[in-house]
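J.: There's a structure below that I have some questions on.
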Amino acid sequence: MAKAQTIEAGHGKDGVEARIRDLLSRMSIEEKVGQLNQVEGSAHDVVHALGADLRAGQIGSVINQVDPATVNELQRIAREESRLGIPLLIGRDVIHGFKTVAPIPLGQAATWNPDLVEACARMAGEEAAAAGVNWTFAPMIDICRDPRWGRIAESLGEDPVLTSILGAAMVRGFQGETLSDPTSLAACAKHFAGYGASEAGRDYNTTNLPENELRNVHLPPFRAAAEAGAASLMTSFSDIDGIPATANTLLLRDVLRGEWDYDGMVVSDWDAIKQLCTHGLTETEYEAAYQAAMAGVDMDMVASAYRNHLADLIACGRIELAVLDRMVANVLRMKFRLGLFDGRTTADAEPSRMASRSLAKQAALQSCVLLKNDHQTLPLDPTTLTRLAVIGPLADDPVEQLGTWIFDGDPERSVTPLAALESLAADTALSLHHVRALATTRSHDQSGFDEAEAAARDADAVLVFLGEEAILSGEAHCRADIDLPGAQVELVKRLKATGKPVIAVIQAGRPLTLASVLDHLDALLFAWHPGSLGGAAIADLLFGRACPSGKLPVSFPKMVGQIPVYYGHKNTGRPPSPDTIIHIDDIQAGAAQTSLGMTAFHLDAGYEPLFRFGFGLSYTSFAYSGLILGSEAIAPDETLTVQVDVTNTGEVAGEEVVQLYLRDRFGSVTRPVRELKAFARVALEPGETRQVRFELTVEDLAFYKRNQTRGAETGAFDVWVGGDSAADLHAEFALTEDSVALP
Ligand code: BGC
């Protein structure tokens with residue numbers, strides 16, 4: 001069947017809206033509902049299986065098909081054999097790479113480098129577009145303060161500002177200069193909203209977020225993504241204050257469409273419309289379809305609930321045609337923006353592999369965080385070492401280093417740490433002795449330990465590659481105990497007992513509790529899951545060919561019982577301090593109840609994390625001085641400049657992430673003790689000083705107030721600038737009057 005009519009040409013906003021109206025006027029109810037229906041399409045016989053529905057205009061999007069010929073055939077059928085010739089959205093989770101894999105998003109966040117993060121998304125998008133994909137389900141910008149949650153790996157960490165800036169960079173990277181470029185993908189900011197607060201870090205669990213915290217902490221990254229032009233948003237699986245996100249009118253109608261005026265498309269998460277029944281919100285799938293549609297979910301990801309019920313809901317008048325038309329318009333608008341109606345074809349070439357490799361390596365280099373380096377154990381000097389023991393289950397695993405969500409990742413492109421160390425040692429007198437010691441990170445079988453210990457005794461230094469396999473993080477892969485699994489701690493103890501310097505490289509999808517192992521290590525490099533070129537980056541860092549510069553995008557707890565532990569907490573009425581806390585081992589016999597500090601701390605863990613947000617060591621050192629504010633007081637329409645001198649006081653060139661934190665001392669609602677507001681990555685030669693300048697506006701001082709409107713309140717603010725969230729170079733200023741209510 002040939003297309004009945006061509007869709008009239010017309011570009012620009014008005015042109016597109018006119019074309020949407022034209023199409024809507026010609027669509028049947030069934031064809032409209034078809035546009036809201038996303039189906040799974042990974043099966044080999046998908047063309048046959050979906051052909052009839054495609055021809056009948058019953059499918060708007062196919063998820064999970066990445067064979068270019070198959071995708072092209074599906075598109076051809078939709079375009080040429082359906083009545084109205086509406087092309088398909090082809091969706092895929094392209095999260096941190098397609099074939100070439102960059103570090104997991106949490107690792108990318110540790111780069112604190114928006115340009116690099118944008119470039120990684122661009123690379124992933126270009127590779128995926130060459131397979132026919134035109135829609136990715138990224139960035140994931142859920143604020144996460146609970147490392148038990150497996151999906152923290154996919155997140156950009158605990159902080160709203162860092163997540164907003166990097167999330168927007170990912171949107172720009174995927175979507176490119178224009179969405180209609182055949183190498184651009186439509187982005188999908190997810191999971192709207194609050195998913196990262198799943199109770200106990202257990203995936204899909206209930207969240208309890210008061211509206212003020214939701215607005216001040218969890219929603220800003222979504223607003224930033226919307227403002228960066230994210231073509232779509234995905235609802236969260238979780239419920240929030242009793243209402244599942246997929247039927248949440250506050251989130252989807254009032255905030256997203258009302259306050260933010262978002263004109264992109266909203267898709268449910270996988271099967272989430274049906275799951276409204278499982279949540280216990282609705283008794284029937286019919287009612288679930290009604291609630292999701294009325295809340296503002298445009299597309300149904302694979303549940304078929306819209307397909308099964310929307311036409312009936314329209315027929316009986318419970319849903320007005322105008323509501324359906326709005327939903328369909330949102331889907332069609334995305335297709336127009338992607339250029340799908342204007343001859344967009346599958347990009348015919350992948351980006352150059354050389355360029356992708358060098359970018360993936362650069363991202364891995366900047367993502368690794370040096371957490372410990374006693375007595376300058378690192379960097380290693382290959383000209384003075386003769387024997388190096390390379391131990392551990394993750395020294396040579398091309399798949400695991402890629403991390404979670406790498407459906408299409410090509411392990412053939414991986415360079416493992418062992419391979420990189422071998423090639424680096426090839427030109428030197430250094431010999432490597434590799435012993436895996438444990439079959440997996442989860443293994444308790446210590447039969448390989450004798451060989452590992454012997455290799456360590458025989459070596460000048462020991463490199464031990466520890467962590468978690470990719471399968472231990474990601475969706476539905478949560479852990480209640482986040483120590484190094486299996487017998488890895490015992491392995492470290494055995495290696496340390498040899499008296500040789502022990503350097504650990506940890507690859508993992510989340511912060512781990514490392515207190516039990518830290519004292520046994522001379523140095524520790526935390527590499528997250530670093531992606532295809534992770535091994536090459538790690539080897540360069542270990543041997544000082546590059547200087548570590550990653551900084552933590554999330555706090556590392558000492559023990560699970562501290563969770564959530566994050567830097568931007570409230571002060572409380574009884575803030576702890578070093579002299580108000582006591583350790584459980586120091587409690588005197590017969591101590592009175594009121595002698596034990598009476599502040600907000602744990603008797604066994606104090607109140608600080610093991611490693612704080614923003615922290616990361618370098619092979620050089622940086623000094624901060626000359627903090628100068630442009631003014632002691634500003635009005636809401638004025639800009640405050642903050643300048644500081646940063647000096648490389650060490651012996652080698654390095655990069656520092658300069659971080660600016662604010663505290664609003666008093667507010668109509670209590671304010672965090674510190675909030676990151678700006679940061680800059682600066683490269684400094686030894687002895688070099690650079691002046692870094694930030695500009696703060698009323699937007700940086702604003703927050704959602706007691707009445708849930710946004711604005712800045714008059715009063716005193718503290719400013720700190722430095723290399724982590726405990727920065728102590730301090731100044732203060734005042735805002736002289738309240739701002740007007742901000743949009
Ligand atoms: C995940 C989403 C993902 C979707 C499609 C769901 O299970 O929660 O993040 O985009 O599947 O694969």
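The values are calculated or read from the model by the stated rules, or taken from the named source; none is laboratory data. Bear in mind the structure is a predicted one, so any value in this text is a computation, not a measurement. Don't worry about glycine lacking a Cβ; one is built from the backbone with ideal geometry, like all the others, and counts go over all protein chains shown. Remember, those area values only see protein heavy atoms, side chains included, never the ligands or the DNA or RNA. Shrake-Rupley method; radii C 1.70, N 1.55, O 1.52, S 1.80 Å.
J.: Within the stretch 114-141, which residues are more than 11 Å from the chain's Cα centre (by Cα), within 23 Å of PRO160 (Cα to Cα) and either open to solvent by less than 10 Å² (accessible area, probe 1.4 Å) or within 15 Å of the ligand (Cβ to nearest atom) (or both)?
T.: CYS120, ALA121, THR136, PHE137
J.: Conditions: (1) surrounded by 24 or more Cβ atoms within 10 Å (Cβ to Cβ); (2) free of Cβ contacts under 8 Å to residues at least 40 places away in the same chain. ASN208 meets all but one. Number of the miss?
T.: Failed condition: (1).
J.: Answer yes or no: is there a residue in the stretch 184-194 that is surrounded by fewer than 24 Cβ atoms within 10 Å (Cβ to Cβ) and away from the ligand (no atom under 15 Å from the Cβ). It would help to see each step written out before you state the result.
T.: Step one: filter the stretch 184-194 for residues surrounded by fewer than 24 Cβ atoms within 10 Å (Cβ to Cβ), giving none.
No, the stretch 184-194 contains no residue that is surrounded by fewer than 24 Cβ atoms within 10 Å (Cβ to Cβ) and away from the ligand (no atom under 15 Å from the Cβ).
J.: List every residue pair whose Cβ atoms sit under 8 Å apart, with the two residues 6 or more apart in sequence or on different chains, where the first one lies in the stretch 605-634 and is over 30 Å from ASP522 (Cβ atoms) and the second, anywhere, is open to solvent by 50 Å² or more (accessible area, probe 1.4 Å) and among the hydroxyl-bearing types (Ser, Thr, Tyr).
T.: The qualifying pairs are GLY630/THR639; ALA633/THR736; ILE634/THR736.
J.: A further question on this structure: Take ILE152 and decide whether it is more than 23 Å from LEU256 (Cβ to Cβ), within 16 Å of the ligand (Cβ to nearest atom) and β-branched (Val, Ile, Thr).
T.: Working: more than 23 Å from LEU256 (Cβ to Cβ): yes; within 16 Å of the ligand (Cβ to nearest atom): yes; β-branched (Val, Ile, Thr): yes.
So ILE152 fits the description; yes.
J.: Could you grab me the full set of residues in the stretch 281-299 that are touching a strand residue (DSSP E or B) at 6+ places or on another chain (Cβ under 9 Å) and either open to solvent by 10 Å² or more (accessible area, probe 1.4 Å) or within 13 Å of the ligand (Cβ to nearest atom) (or both)?
T.: LEU281, GLN291, GLY296, MET299
J.: Show the residue pairs that are 6+ apart or on different chains and have beta-carbon atoms under 7 Å apart, the first residue being within the stretch 479-506 and assigned by TED's automatic domain parsing to the domain that holds GLU451 and on the phi > 0 side of the Ramachandran plot, the second being of a type in the set (A, V, I, L, M, F, W, C) and open to solvent by less than 50 Å² (accessible area, probe 1.4 Å).
T.: Listed by first residue and then by second, the contacts come to GLY486/LEU438.
J.: Next question. Identify, from the list ALA716, ALA683, the residue that is in contact (Cβ under 8 Å) with a residue 12 or more places away in the chain, assigned to a strand (DSSP E or B) and open to solvent by 40 Å² or more (accessible area, probe 1.4 Å). Don't jump to the end; show me each part of the working.
T.: Working: ALA716 fails: open to solvent by 40 Å² or more (accessible area, probe 1.4 Å).
Result of the check over ALA716, ALA683: ALA683.
J.: Determine which member of the set ARG479, ARG494, ARG510 is outside any helix (DSSP H, G or I) and open to solvent by 10 Å² or more (accessible area, probe 1.4 Å).
T.: Working: ARG494 fails: outside any helix (DSSP H, G or I); ARG510 fails: open to solvent by 10 Å² or more (accessible area, probe 1.4 Å).
Testing whether each residue is outside any helix (DSSP H, G or I) and open to solvent by 10 Å² or more (accessible area, probe 1.4 Å) leaves just ARG479.
J.: Suppose we keep only residues that are hydrophobic (A, V, I, L, M, F, W, C) and more than 23 Å from ALA322 (Cβ to Cβ) within the stretch 280-309. Which one would you say is farthest from the chain's Cα centre (by Cα)? Reasoning before the result, please.
T.: Taking the stretch 280-309 and keeping what is hydrophobic (A, V, I, L, M, F, W, C), we get 281, 288-289, 292-295, 297, 299, 301-303, 305.
Next, from what is left, pick out any that are more than 23 Å from ALA322 (Cβ to Cβ): 281, 301-303.
Values: LEU281: 29, MET301: 22, VAL302: 24, ALA303: 26 Å.
Ranking the candidates gives LEU281 first.
Every residue, every condition in (1) among the β-branched types (Val, Ile, Thr); (2) under 25 Å from the mean Cα position of the chain (by Cα), yes or no:
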| residue | (1), (2) |
| --- | --- |
| PRO530 | no, yes |
| ALA537 | no, yes |
| GLY550 | no, yes |
| PRO553 | no, yes |
| VAL560 | yes, yes |
| ASN571 | no, no |
| THR580 | yes, no |
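J.: Residue under question is THR649, and the condition is that it be under 16 Å from TYR619 (Cα atoms), open to solvent by 20 Å² or more (accessible area, probe 1.4 Å) and not aliphatic (A, V, I, L, M); does it hold? I'd like the intermediate steps shown before the answer.
T.: On the way: under 16 Å from TYR619 (Cα atoms): yes; open to solvent by 20 Å² or more (accessible area, probe 1.4 Å): yes; not aliphatic (A, V, I, L, M): yes.
It is true that THR649 is under 16 Å from TYR619 (Cα atoms), open to solvent by 20 Å² or more (accessible area, probe 1.4 Å) and not aliphatic (A, V, I, L, M).
J.: Among the listed residues GLY606, GLY568, GLY626, GLY616, identify the single one that is open to solvent by less than 50 Å² (accessible area, probe 1.4 Å), touching a His at 6+ places or on another chain (Cβ under 8 Å), small (Gly, Ala, Ser) and at pLDDT 95 or above. Walk me through it before giving the result.
T.: Values: GLY568 fails: touching a His at 6+ places or on another chain (Cβ under 8 Å); GLY626 fails: touching a His at 6+ places or on another chain (Cβ under 8 Å); GLY616 fails: touching a His at 6+ places or on another chain (Cβ under 8 Å).
Unique residue meeting the criteria: GLY606.
J.: For the stretch 174-183, give me each residue that is in a helix (DSSP H, G or I) and more than 16 Å from the ligand (Cβ to nearest atom).
T.: As a first pass, look at the stretch 174-183 and keep what is in a helix (DSSP H, G or I): 174-175.
Within the stretch 174-183, just GLN175 meets the criteria.
J.: Give the residue that is modelled with the lowest pLDDT, with candidates limited to residues of the stretch 353-391 that are open to solvent by 20 Å² or more (accessible area, probe 1.4 Å) and within 24 Å of the chain's Cα centre (by Cα). Steps first, please.
T.: As a first pass, look at the stretch 353-391 and keep what is open to solvent by 20 Å² or more (accessible area, probe 1.4 Å): 353-355, 357-359, 361-362, 365, 372-377, 379, 381-387.
Filter once more, keeping what is within 24 Å of the chain's Cα centre (by Cα): 355, 357-359, 361-362, 365.
Working: ALA355: 93, ARG357: 96, SER358: 97, LEU359: 98, LYS361: 98, GLN362: 98, LEU365: 98.
Applying the filter and picking the extreme gives ALA355.
J.: Here's something else I'd like to know. Among the numbered criteria (1) within 16 Å of the ligand (Cβ to nearest atom); (2) closer than 22 Å to ARG92 by Cα; (3) of a type outside the set (D, E, K, R), which single criterion is violated by TYR306?
T.: Every condition holds for TYR306 apart from (1).
J.: Output the qualifying pairs, or none if there are none: Cβ atoms under 9 angstrom, residues six or more apart or on different chains, first residue in the stretch 152-174 and open to solvent by 10 Å² or more (accessible area, probe 1.4 Å), second residue modelled with pLDDT of 95 or more and of a type in the set (Phe, Trp, Tyr).
T.: VAL161/PHE679; SER164/PHE222; ILE165/TRP112; ILE165/PHE679
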